Amino acid sequence: MITCKKCGKQFEVSQGHKEHCEKLKIPTSSHCLDCRRIQLMNFRNERTFYSDTCKNCGNRMISCFSSNSPFTIWCSECWWSDKFDPLKYGKEFDFNRPFFDQFWELMMTTPLGNLFIASSENSDYANYSVGNKNSYMLGASDYNEDSFYADNSNYCRDACDISFVNKSELIYQSVDLVDCYTCLYCRNLRNCNFCYFCADCIGCTNCIGCVNLHNKQYCIFNKQYQREEYAAAMKNFALETLSGVQKFVQEFSKFLSSQPRRFSHNINPENCVGDYIVNSRNCQNCFDIMECEDCDNLIFGYKSRDCHNVYGTGTSELIYFSAGISESYDTKFSCLVWPGSNDVWYSLCARNAKHCFGCVSLRRNEYCIFNKQYSKEEYEKLSEKIKQHMIKTGELGEYFPLKYAPW
């Protein structure tokens with residue numbers, strides 16, 4: 001048993017954590033799982049937006065950083081411009097000082113982007129999102145079109161007020177839907193169409209106020225109706241009006257509380273522990289993941305393998321103790337690593353960067369330490385020396401301290 005350095009609670013290091021640390025040749029974390037998650041979550045701001053001015057061009061912009069932030073925040077156009085050279089802010093590593101203190105100074109001087117979005121059209125009010133079109137107020141949501149007020153939802157069209165909805169169209173005020181069409185006020189549906197106020201249903205069509213049904217149609221409160229009877233009853237409910245919705249909410253809440261509930265929302269899990277695990281295997285203590293394998297302590301994962309202590313990753317592999325990782329490989333103790341990155345250690349906002357250690361806002365750079373360019377041989381020698389220094393200072397194996405969190 002180990003005493004958590006942060007909260008003082010006793011905790012046991014999991015076998016998966018031990019094996020991964022041995023593979024990386026790093027010490028195990030001195031923080032318990034809850035404190036590790038708090039550290040990671042403080043390095044994400046998906047939903048809060050501020051009005052600010054770009055510190056480079058002076059244009060007004062929407063930002064996920066407050067206007068009184070100590071950082072140098074640039075608009076997306078400036079930050080992604082080829083004229084921005086992050087190596088201009090490079091510095092030598094000082095072996096007489098702790099790593100984290102020096103990294104904080106690099107964060108303070110190197111420009112950061114106002115939002116973390118890419119390949120989007122007319123979707124400026126979004127963050128941690130890519131590939132959206134004509135959408136507004138999205139958080140951690142990708143490839144949506146004509147959608148509004150969504151978080152952790154992907155490949156949706158004409159959707160509004162949704163959370164964890166995927167591959168669906170014409171959805172309103174719903175949570176945890178997959179492959180659905182024209183569903184309103186629903187939760188935990190799969191392959192359902194034209195459903196209202198339904199929960200935990202699969203393959204249902206034209207149902208109202210139903211719970212735990214599979215492959216049914218024309219049902220109201222789990223009771224079967226003929227098509228004509230169903231249409232007449234639906235008309236009487238007047239769900240197209242606010243008063244009708246408010247009245248039905250009360251009736252549905254009573255019915256829902258009377259129904260048995262499934263112990264979890266997992267679909268096709270193999271040797272998994274957690275909830276909202278879909279088509280995954282060998283995943284322990286994971287939540288809201290899809291098509292993942294050999295992961296533990298992962299929250300919000302998609303098509304990822306061998307990820308440990310991660311908050312948000314998609315199509316990535318060999319990710320450890322990191323947050324906001326997309327289409328990257330072999331990333332450790334980092335935040336906001338963009339597609340094409342590889343072998344990234346203790347870095348922030350790495351964009352298609354490879355073999356970097358302790359860097360900020362790199363883009364298509366290789367073999368850099370503290371935003372300073374090195375040869376391959378120099379990089380390998382110096383990065384290993386810094387790791388040994390961090391072992392002596394008790395920093396290697398730990399995530400960035402909370403006092404350095406941007407939010």
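The values are calculated or read from the model by the stated rules, or taken from the named source; none is laboratory data. Computed from a predicted model, the values in this text were never measured in an experiment. Reconstructed Cβ throughout: ideal geometry from the backbone, glycine too, with neighbour counts over all protein chains shown. Each accessible area value is taken on the protein alone, full model and side chains, heavy atoms only, with ligands, DNA and RNA left out. Shrake-Rupley method; radii C 1.70, N 1.55, O 1.52, S 1.80 Å.
Where both bridge residues fall in the chain, DSSP classifies roughly 10% of the beta bridges as antiparallel.
Sorted largest first by accessible area at a 1.4 angstrom probe radius, with every protein chain in place, the residues Glu270, Glu398 fall in the order Glu270, Glu398. Cα centroid separation, the range 63-132 to the range 134-157: 23 Å. The largest accessible area among Asp158, Asp306 belongs to the first residue in Asp158, Asp306, and the rest follow in falling order (1.4 Å probe, all chains). Dividing the summed -39500 (n - 2.57) terms of all DSSP H runs of n ≥ 4 by the residue count of the chain sets its mean residue ellipticity at 222 nm at -6000 deg cm²/dmol. For Arg363, the residues 5 or more places off, or on other chains, whose built amide H falls under 5 Å of its own are Arg351. As a rough guide to protection, the peptides 143-155, 364-376 ranked by mean Cβ packing within 10 Å, highest first, stand as 143-155, 364-376. Modelled this way, with points 7 Å down the Cα-to-C-beta line, the labels at Thr393 and Asp85 are 2.8 nm from one another. Remark: spin-label model distance Glu92-Glu378 equals 1.2 nm, labels positioned 7 Å along the Cα→Cβ axis. The residues of the range 86-160 have, on average, 41 Å² of accessible surface per residue, using a 1.4 Å probe with all protein chains present. Couplings 3J(HN,Hα) for the range 91-102, derived from phi with the Karplus relation 6.51 cos²θ - 1.76 cosθ + 1.60 (θ = phi - 60°), are 8, 6, 7, 9, 6, 9, 10, x, 4, 4, 4, 6 Hz, where x marks Gly and Pro. Working note: Karplus 6.51/-1.76/1.60 with θ = phi - 60° gives the range 380-392 the couplings 4, 6, 6, 4, 5, 5, 5, 4, 5, 5, 5, 5, 5 Hz, where Gly and Pro are set to x. For Trp407, the solvent-accessible surface with a 1.4 Å probe is about 80 Å², rounded to the nearest 10. Multiplying the residue separation of Glu77 and Asp179 by 0.36 nm and removing their Cα-Cα distance gives an extension gain of 33.2 nm. Cross-link reach is defined here as a Cα-Cα straight distance under 28 Å, omitting same-chain residues fewer than 8 places apart; for Lys254 the lysines meeting it are Lys216, Lys223, Lys235. State the Cα centre-to-centre distance between the range 323-348 and the range 195-247 in whole Å. With the range 323-348 and the range 195-247 each reduced to a Cα centre, they are spaced 45 Å.
The accessible surface of the chain, taken with every protein chain in place and a 1.4 Å probe, is 48 percent carbon and sulfur. Averaged over its residues, the range 325-364 has an accessible area of 22 Å² per residue, based on protein heavy atoms and a 1.4 Å probe. The DSSP beta bridges internal to the range 111-152 are antiparallel in roughly 0% of cases. Summed over the residues of the range 220-323 and divided among them, the accessible surface reaches 53 Å² per residue at a probe radius of 1.4 Å.
Inter-label distance, Glu22 to Ser69: 4.1 nm, where each label sits 7 Å from its Cα along the C-beta direction. Accessible surface of Tyr196, taken over heavy atoms with a 1.4 Å probe and every protein chain present, rounds to 40 Å². As a rough guide to protection, the peptides 56-64, 321-329 ranked by mean Cβ packing within 10 Å, highest first, stand as 321-329, 56-64.
Per-residue SASA remark: Arg97, around 80 Å² accessible (1.4 Å probe; ligands, DNA and RNA not included). The charge dipole of the chain, taken about its Cα centre with unit charges on the Cβ of Lys, Arg, Asp and Glu (plus for the first two, minus for the last two), comes to roughly 680 debye. Pairs spanning more than 27 Å between alpha-carbon atoms, out of Lys88/Lys133; Lys6/Lys303; Lys55/Lys91; Lys303/Lys376: Lys88/Lys133; Lys6/Lys303; Lys303/Lys376.
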